[in-house]
Amino acid sequence: MFDLIFYIFAFITVVGAAVTAIHRNIVYAAFALLFTFVGVAGLYVMANADFLAVTQMMVYVGGILILLIFGVMLTNRIQSANIVVNAGPKPVVAILSLGLLAILCAAFFGPSATHSEKSKDGKTASVSSWSNYTQQPWAATQWNKDANERILSEKFGAPSEVKTKEGSSGTSVEIGKLLLSDYLLPFEIVSIVLLVALIGATMIARKEPTLEEEALSESLS
Amino acid sequence: MNYNDFIAVLPLIILAMTGLAVMMWDAFEKVPSRSPLLLTVVGGMGAIVAAVANLTAAPVIAFGGLFFSNTYTGFFTIIFSAAAVLSALLSEQFLKEREMIIGEYCALILFSVCGMVMMASGANLIVTFLGLETMSIAFYVLAGIFRKEESSNEASLKYFLLGSFATGFFLYGIALVYGTTGTMNLAEIRTIMLGLAPKPAATYSSLLLTLGMLFIIVGLAFKVSAFPFHQWAPDVYEGSPTVVAGFMSTAGKTAAFSSFILLFPYALLPTAAVHLGSEKIQIVLAILAACSMLYGNIVAVSQTRIKRMLAYSSIAHAGYMLLGVSALNENGITGVAIYSAVYILMQISAFGIVSVLEKSDGNGFELEDYVGLSKRRPWLAFLLAIIMLSLAGIPPFAGFFGKYYLFLAAINAGMVWLAIVGVVSSIIASYFYLRVIVLMYFRQANDQVEVSVPEKINTSFVAIAFAVAALLVLGIYPSLLINTIGYLFR
């Protein structure tokens, strides 16, 4: 059942992305993007990343996509514009993209993805990374728990009361605590990134005052 | 956040606060003045002082493993802030002549330096990534700050689209590295790569990790405009305002190199790495370096516009520094640090002189315009000649010692062929650098009357003269810089 839902969401995501990339009408492409975003949100839910899923819905589906469609609506004649995808000679593009696909597949299915290494209790475990991804949601796999424990452990100066509970209902609480304790610095830095983006956007979009307007504002002040 | 954390990020705080102060000042000022530039200079100086204070303090990893504060980060903070101060001084005249917005310009310069400092000191891939984004977004806007000029808009858009794509590669690389190692903390990645800590058995895949490293290399190689990812550089540097191009091609590149060093020789490929593919990655880096050096210098030979020539030669300089990274040894790190400092001085002042000589209608970039410059502007011609000799790597000037250390590092790492490629490409480079000197001194302009213009002592001239003096001093007493760096990186 779990696998089935996973494949459904994966299918929606990939098909949506393909239509977005290939379709020549920008409105159709924008709506196909909607399916990709929703599919990705579904994959996040499957990976126990509920906070990320909600963020994905709110920011991408609710914000960016709506903006995009408004942009299409308010721009004259863009609807009829024929988008020609021209990324160079076709054989080269095909070789490059298929090669990338082959490398990624090799990384997931290939022999080097299978390891037999000693686990902590001395037993030899032979695990393929692919089987691990499909059998269990990511949050429950061993490395994820390890990573959580490492992040939360004392050696990084984390407050000891922050702990992941087994089978806890959500990640938002932990994310919130981590953001204001361990990851305070990135949290603050993001404000600088946003400020720069804001200044840049206003600077580019601002209307340059004409000479008459300048004279008017001077006479008013 | 305790006292040590606060001290560690003090340069960052000073830069960001100055940026905010510039914006506030600009908002409440009735008549536009040049005080934002003054504030930028003061802020940059303040960051330098704070970084010097950090150099002497004990090295810490602040914020629970997120932010390095040690001599390495202090050194890079100093050179980035110095680059900001130099470009603020250089842009005073330039912006005034073209009646451009000064407030936002200064704020963006300061915030981009914030991003660079984060890149040089990020002890966690998240901080490195955020630093890269801060710097890049500021650069996208700075490239398009000439809003009325088509070439500037084109440069900005081109840089933005390609740059976001490269950032995507970088982010995917981070995701793969996190997926395989289970951590984004560079110190932890280092221990895993050295085999001191157990690999997360379930997901550790050496192929995925190699792929992650390659993606990170693609992202960073774009930012330094190394060979196959260089196509944006000539157009962007030519289209954006000259002072901005000078700042982007120096401070931006060296910032990317500072995190290159943290990511590769420090974390992902320490010398005794047990990871299987590490030699292959080293070869990839070496090939990128060799191609960038050859390509940049060979194409620069055929350029007739000086800005484009400098842009192509900056690809070659990225190759020299990439050579130091690919050596993966201590000499390489020292070499990159020395070359970063020297390169910032050379290239910023070269672009500075171009910005002084260009006309406000967008002409004055042809190499032909430099014919007989020694008669018209004897002082500027003299300074430009020294800069060109230093860029070519002629011994008495500082550029030589930077290259010497980088090539030495390659030889120590057993890559003699790479050092040979480096030397050959430097010889090619000396052709077009020396050609500028020949044009300025030994060619007569036939159609114009040679009138010597007395040099006005303005901030641009002071900045250029300071940079050239530093090049001379560092060239004659290289031990000054080398000993300091040797002491810093012990």
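The values are calculated or read from the model by the stated rules, or taken from the named source; none is laboratory data. This structure is a prediction, so every number in the text was calculated from the model and none was measured. Here the Cβ positions follow ideal geometry from the backbone for every residue, glycine too, while neighbour counts run over all protein chains shown.
Worth pointing out:
- Count of region B:38-52 residues, restricted to those that are more than 14 Å from residue B:109 (Cα to Cα) and crowded, with 18+ Cβ neighbours inside 10 Å, is 4.
- The residues listed here are B:80, B:6, B:68, B:76; of these, the one that is surrounded by fewer than 21 Cβ atoms within 10 Å (Cβ to Cβ) and modelled with pLDDT of 85 or more is B:6.
- Residue count for region A:183-215, restricted to those that are modelled with pLDDT of 70 or more and either under 22 Å from the mean Cα position of the chain (by Cα) or not in a loop (DSSP other than H, G, I, E, B) (or both): 23
- Residues (assigned to a helix (DSSP H, G or I) and within 14 Å of another protein chain (Cβ to nearest Cβ)) located in region B:204-228: B:206, B:207, B:208, B:209, B:210, B:211, B:212, B:213, B:214, B:215, B:218, B:228
- Condition met for residue B:174 (touching a helix residue (DSSP H, G or I) at 6+ places or on another chain (Cβ under 7 Å) and away from every other protein chain (no Cβ under 12 Å)): yes
- Annotation: of all residues in region B:229-244 being of a type in the set (A, V, I, L, M) and away from chain A (no Cβ under 14 Å), the one that is nearest to residue B:160 (Cα to Cα) is B:236.
- The criterion of being within 14 Å of chain A (Cβ to nearest Cβ), within 16 Å of the chain's Cα centre (by Cα) and at pLDDT 85 or above does not hold for residue B:12.
Let's see how each residue does on (1) among the polar types (S, T, N, Q); (2) more than 19 Å from residue B:208 (Cβ to Cβ):
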{"position": "B:251", "(1), (2)": "no, yes"}
{"position": "B:255", "(1), (2)": "no, yes"}
{"position": "B:266", "(1), (2)": "no, yes"}
{"position": "B:281", "(1), (2)": "no, no"}
{"position": "B:286", "(1), (2)": "no, yes"}
{"position": "B:293", "(1), (2)": "no, yes"}
{"position": "B:298", "(1), (2)": "no, yes"}
{"position": "B:302", "(1), (2)": "yes, yes"}
{"position": "B:309", "(1), (2)": "no, yes"}
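- Given (1) surrounded by fewer than 24 Cβ atoms within 10 Å (Cβ to Cβ); (2) in a helix (DSSP H, G or I); (3) more than 22 Å from the chain's Cα centre (by Cα), number of the condition residue B:177 does not satisfy: (1)
- Checking region B:318-326 against the condition returns no match, with no residue being outside any helix (DSSP H, G or I) and either of a type outside the set (Gly, Ala, Ser) or in contact (Cβ under 8 Å) with a residue 24 or more places away in the chain (or both).
- For the criterion of being in a helix (DSSP H, G or I) and β-branched (Val, Ile, Thr), residue B:428 passes.
- Residue tally, condition farther than 17 Å from residue B:341 by Cβ and of a type in the set (D, E, K, R), over region B:381-414: 0
- Selection of region B:15-70 for residues being within 14 Å of chain A (Cβ to nearest Cβ), part of a helix (DSSP H, G or I), β-branched (Val, Ile, Thr) and more than 18 Å from residue B:102 (Cβ to Cβ) yields an empty set.
Yes/no per residue for (1) without any contact (Cβ under 8 Å) to a residue 60 or more places away in the chain; (2) under 18 Å from residue B:429 (Cα atoms); (3) among the small types (Gly, Ala, Ser):
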| position | (1), (2), (3) |
| --- | --- |
| B:336 | no, no, no |
| B:346 | no, yes, no |
| B:353 | no, no, no |
| B:360 | no, no, yes |
| B:371 | no, no, no |
| B:375 | no, no, no |
| B:379 | no, no, no |
| B:383 | no, no, no |
| B:386 | no, yes, no |
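- Which listed residue, of B:166, B:155, B:187, is over 23 Å from the mean Cα position of the chain (by Cα) and either part of a helix (DSSP H, G or I) or at the interface with another protein chain (Cβ under 8 Å from one of its Cβ atoms) (or both): B:187
- Within region B:115-145, being touching a residue at least 24 places away in the same chain (Cβ under 8 Å), under 17 Å from residue B:262 (Cβ atoms) and within 7 Å of chain A (Cβ to nearest Cβ) holds for B:118, B:126, B:127, B:133.
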